[in-house]
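Structure, as structure tokens:
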Amino acid sequence: MFQRILVANRGEIALRVIRACKELDIEVVAVFSEADRAAPYLEQADRAICIGRGPSVDSYLNRPRIIAAAEVADVQAIHPGYGFLSENPDFAEVCRSSGFEFIGPPHEAIRKMGLKTEAKQIAAAAQVACVPGSDGVIANDAQALGLARQIGFPVLIKAAAGGGGKGMRLCSDERSLASALRTARGEAEAAFKNPSVYLEKFLERPRHVEVQILADTRDQIVHCWDRDCTLQRRHQKLVEEAPASTLTEEVRARMGAAAVRLARAAGYVNAGTCEFLVDADQNFYFIEVNARIQVEHPVTEMVTGIDLVKQQIRIAAGEPLPFRQEDIAIRGHSIQCRINSEDPENDFRPSPGRITGLRIPGGPGVRWDSHIQVGYSVPPFYDSLLGKLIVHAPTRLEAIATMRRALDELVIEGIRTTIPLHRKIMRNPDFLAGRVDTTWVERVWTPRPVAAR
Ligand code: MV4
């Protein structure tokens with residue numbers, strides 16, 4: 001096992017990795033930007049090293065600085081967390097070539113999964129159903145038109161190097177296809193330095209269900225069942241649940257098996273997620289792989305009892321998975337609400353600033369994963385996640401009741417947060433009945449002028 005690990009991240013996920021290291025009796029080195037110098041979680045690391053100025057490009061995205069910190073601190077491995085460099089295949093490769101284990105997939109697997117067209121081709125070869133669409137990137141307008149006519153409009157044009165909803169373009173008729181392709185290529189080039197796009201049938205109002213994977217370096221691959229992440233706003237998830245309550249046990253088992261086949265075909269190692277869209281008839285279609293630990297990983301931990309971050313570290317150290325598929329059961333139901341420093345009354349405008357008061361919820365079935373403290377100032381440079389409120393109870397309705405109670409206990413003063421929105425969602429009849437889809441938050445919770453209703 002490693003003696004010392006560097007955490008190349010900040011905020012709640014940095015603290016989450018620090019906590020896992022403590023429990024594994026591994027020394028942990030944090031890095032921080034000048035904007036995070038006073039962050040209280042840094043004291044929980046054994047050592048903290050400044051890697052540059054506030055803006056991410058000068059610090060958490062600055063690869064030479066992070067590698068230099070790893071050398072100075074003499075660590076054996078680097079945990080990238082999520083976001084920042086976590087899915088950058090070049091960084092993973094540089095870690096390994098600099099003598100540090102990258103706590104994530106092999107750089108070859110990250111590279112393959114980063115190209116959504118390649119991930120889909122691997123999935124299709126592994127008999128995993130994909131959304132009907134182009135086999136690979138679009139070569140020219142004529143090819144796109146022929147294909148769109150075949151699968152039928154509306155179609156969705158997606159950036160091959162995109163993901164997470166970035167660089168998507170909806171096209172509902174033949175007339176606008178050429179211009180939609182041109183715009184999508186331009187956006188893809190600007191955002192990802194890669195103009196390649198592919199085409200898919202547009203699924204109306206799908207649910208977003210993902211399967212958690214763990215793969216060790218000895219060819220053992222298991223899934224840890226599923227999460228429902230349908231509640232999103234502008235591709236930012238708001239509420240996540242495990243298990244996905246709308247799936248039948250038969251569909252759930254087939255989806256897990258499909259995710260394992262895909263991971264095996266991709267040569268995947270460490271923790272990862274296979275994302276699927278699910279239609280009203282429970283048909284599921286693979287869309288992309290997330291080659292990292294995800295923000296929503298705690299709901300899976302709560303229902304399976306598996307510590308995914310500790311497993312990531314053990315896998316990177318070459319240890320075999322300590323369980324088999326048949327040992328992984330779902331116990332009860334878990335829900336996570338993402339608490340952001342954003343004003344839901346004002347188009348979710350970021351609300352950085354100083355936290356002047358804080359009451360953290362507790363009691364049975366409640367978990368609070370957060371780096372914030374009273375007196376802590378939320379810097380303006382990074383994403384707005386303040387913390388994750390997670391609950392676990394025997395059933396979905398009991399979990400919602402626990403979440404309501406925990407949200408009422410949670411008080412964050414000094415800045416605006418998404419807590420009031422979550423309190424309303426947890427009392428909404430459509431949410432209680434599971435009658436939501438990926439367009440629901442924007443349809444129901446976006447304030448519109450009265451005349452437009
Ligand atoms: C889709 C889709 C409908 N049809 N693909 C958005 C995030 C990215 N991972 C995939 N996304 C979508 N892909 C087809 N062929 C609708 C979405 C989508 C969505 C998916 C999951 C959760 C929220 C969403 C919100 C808008 C669009």
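The values are calculated or read from the model by the stated rules, or taken from the named source; none is laboratory data. Since the structure is predicted, the reported quantities are computational estimates derived from the model, not experimental observations. So basically every Cβ, Gly included, is an ideal-geometry build from the backbone, and we count neighbours across all protein chains shown. With ligands, DNA and RNA removed, areas are computed over all heavy atoms of the protein, side chains included. Shrake-Rupley method; radii C 1.70, N 1.55, O 1.52, S 1.80 Å.
Before moving on, here are some points about what is shown:
- Complete set of residues in the range 220-239 that are within 11 Å of the ligand (Cβ to nearest atom) and either touching a residue at least 60 places away in the same chain (Cβ under 8 Å) or not acidic (Asp, Glu) (or both): 229, 230, 231, 232, 233, 234, 235, 236, 237, 238
- Residue pairs meeting the criteria (Cβ under 9 Å; at least 6 apart or on separate chains; first in the same structural domain as residue 354 (by TED's automatic domain parsing) and β-branched (Val, Ile, Thr), in the range 403-420; second part of a loop (DSSP other than H, G, I, E, B) and surrounded by fewer than 18 Cβ atoms within 10 Å (Cβ to Cβ)): 411/360; 415/352; 415/356
- Of the criteria (1) more than 13 Å from the ligand (Cβ to nearest atom); (2) open to solvent by less than 10 Å² (accessible area, probe 1.4 Å); (3) within 27 Å of the chain's Cα centre (by Cα), which one residue 181 fails: (3)
- When the range 39-71 is filtered for residues that are in a strand (DSSP E or B) and open to solvent by 90 Å² or more (accessible area, probe 1.4 Å), only 47 remains.
- Lone unmet requirement of (1) more than 10 Å from the ligand (Cβ to nearest atom); (2) not in a strand (DSSP E or B) for residue 213: (2)
- Residue 149 satisfies every condition listed in (1) in contact with a strand residue (DSSP E or B) (Cβ under 8 Å, 6 or more places away or on another chain); (2) more than 30 Å from residue 321 (Cβ to Cβ) except (1).
Residue by residue, here is whether (1) buried (at least 23 other Cβ atoms within 10 Å of the Cβ); (2) of a type in the set (Phe, Trp, Tyr) holds:
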site: 2; (1), (2): no, yes
site: 21; (1), (2): yes, no
site: 73; (1), (2): no, no
site: 76; (1), (2): no, no
site: 82; (1), (2): no, yes
site: 104; (1), (2): yes, no
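- Near pairs, Cβ below 8 angstrom, 6+ apart or cross-chain, from the range 325-348 (among the charged types (D, E, K, R)) to any residue that is part of a helix (DSSP H, G or I): 331/303; 331/304; 345/420
- Residue check: residue 231 meets all listed conditions (1) within 15 Å of residue 287 (Cβ to Cβ); (2) open to solvent by less than 10 Å² (accessible area, probe 1.4 Å) but one, namely (1).
- Residue within the range 23-38 that is surrounded by fewer than 18 Cβ atoms within 10 Å (Cβ to Cβ) and in a helix (DSSP H, G or I) present: yes
- Checklist (1) hydroxyl-bearing (Ser, Thr, Tyr); (2) open to solvent by less than 30 Å² (accessible area, probe 1.4 Å); (3) away from the ligand (no atom under 15 Å from the Cβ) applied to residue 273, failing item: (3)
- Yes/no for residue 217 being buried (at least 18 other Cβ atoms within 10 Å of the Cβ), of a type in the set (Ser, Thr, Tyr), out of contact with any Leu (no Cβ under 9 Å at 6 or more places or on another chain) and touching a residue at least 40 places away in the same chain (Cβ under 8 Å): no
- In the range 364-387, of all residues being of a type in the set (Phe, Trp, Tyr) and closer than 20 Å to residue 53 by Cα, the one that is most open to solvent (accessible area, probe 1.4 Å) corresponds to 381.
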